[in-house]
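See below for the structure under consideration.
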Amino acid sequence: MKLIIGLGNPGSEYFNTRHNFGFLALNYFQDSTPGFSAWQSNDKFQALISEGQIDNEKVFLAKPQTFMNNSGQAVKLLTDFYKLTPADIIILHDDLDLSIGELKVSHNASAGGHKGAASIIQILGTQDFTRIRLGIKPKTFSFSSLFKGRLGGIFKTPAEKFVLRQFSNSEKPLVQQATQKTKDAILSFLKDGLTATQNKFN
């Protein structure tokens, strides 16, 4: 059994924002992969759940309905109930270090400043799981001052506010390409494993 989790914030005001890229990518995977059930709210797991099967393996898709900073709560509930190991988990989330259209398959990596990933690592007590990091950085601006809590370049926007902005119309084709590539990376992971997937997509 595998558990694929997209990270984001619940609520219509956050729909299609950069911080919800994990939700967007998982929605695309669920919608474009035959055999997955419709999303169902599950209070026990504090998440929206969809179930399916790929190559005879049961696959659960989950979108935590806590806010991003508490994403680990839903992940812990799901892993405990289904007795999953970290090797069974794939997390999809946005990443400010990568440009829009880019993705990176990471394993056993630190949170890198992402509060959703940090919550999962803290509550599970390990970082030994796989993450697909989806770029949200505009291609045309510098982020040299990000470590001071601000986006560089012309905007001078605090990072925590920038991630809640929607993608621009010019960025949407790259977002779509990234969601398609994420689906391919997930299927590669399920079929060929971590190393082959990293070699192919990183």
Fill in the blank from the handout: Among K63, K76, K44, the single one that is surrounded by fewer than 17 Cβ atoms within 10 Å (Cβ to Cβ), in contact (Cβ under 8 Å) with a residue 12 or more places away in the chain and either assigned to a strand (DSSP E or B) or not aliphatic (A, V, I, L, M) (or both) is K44
Completion exercise
Scanning region 49-60 residue by residue, those in contact (Cβ under 8 Å) with a residue 60 or more places away in the chain and either over 14 Å from M1 (Cβ atoms) or assigned to a strand (DSSP E or B) (or both) turn out to be I54, E57, V59
Exercise for the section: Answer yes or no: is there a residue in region 92-107 that is in contact (Cβ under 8 Å) with a residue 40 or more places away in the chain and closer than 23 Å to N42 by Cβ. Expected result: yes
Completion exercise
Scanning region 3-32 residue by residue, those surrounded by fewer than 18 Cβ atoms within 10 Å (Cβ to Cβ) and small (G, A, S) turn out to be G11, S12, S32
Practice task
Please go through region 164-193 and pick out each residue that is closer than 21 Å to R131 by Cα and of a type in the set (S, T, N, Q).
Solution key: Q176, Q177, T179, Q180, T182, S188
Exercise for the section: Could you identify the single residue in G8, G22 that is within 13 Å of the chain's Cα centre (by Cα), touching a residue at least 24 places away in the same chain (Cβ under 8 Å) and part of a loop (DSSP other than H, G, I, E, B)? Expected result: G8
Problem - Condition check for E13: closer than 22 Å to K181 by Cβ and either at pLDDT below 95 or polar (S, T, N, Q) (or both) - result: no
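The values are calculated or read from the model by the stated rules, or taken from the named source; none is laboratory data. Keep in mind it's a predicted model, so treat the numbers as computed, not measured. Methodologically, a virtual Cβ is constructed for each residue, glycine included, from the backbone with ideal geometry; neighbour enumeration extends over all protein chains shown.
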